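Since every read-out is calculated from the coordinates, none of them should be taken as a lab result. These numbers come from a predicted model, not from an experiment. Cβ coordinates were reconstructed from backbone atoms using ideal geometry, including for glycine residues, and neighbour counts include every protein chain displayed.
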Amino acid sequence: MEFKYLLVGVLSLLGGGVLYTMERFMSIVQWAADFVPVKLKGSGVVISEPVMPGFTDNVFVIILFVCGLLILGYGVYERRTR
């Protein structure tokens, strides 16, 4: 039974990490979509670096991270008490 908690905890942590990584990736793609046409045309103002989202900007990343840590901790506790 405790193996299920360990697995769900690790999957929650991985899910939060994938979601955070995809959010950062989309920020770079959006910046590139704004930057390239301005560079080719030669007119306009564009920022030199993309605005990266912070860890706490997406509530789902925080929820998955905290739940993953709690479930993983519970799974480790259950395994040690057996």
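Details
- Using alpha-carbon coordinates, inclination of helix 2-41 to the longest axis of the chain, degrees: 0
- Only Lys, Arg (+1) and Asp, Glu (-1) charged, at Cβ; the chain dipole about Cα centre in debye: 240
- Relative to the longest principal axis of the Cα atoms of the chain, the long axis of helix 59-81 lies at roughly 20 degrees.
- Other residues lying with their Cβ under 14 Å from the Cβ of Met52 contribute a combined charge of -2, Lys and Arg counting +1, Asp and Glu -1.
- Here the alpha carbons of the chain define both size measures, Rg and Dmax, at 19.6, 68 Å.
- Each residue, Arg80 and Val8, gets one label point 7 Å from its Cα in the Cβ direction; the gap between the two is 2.1 nm.
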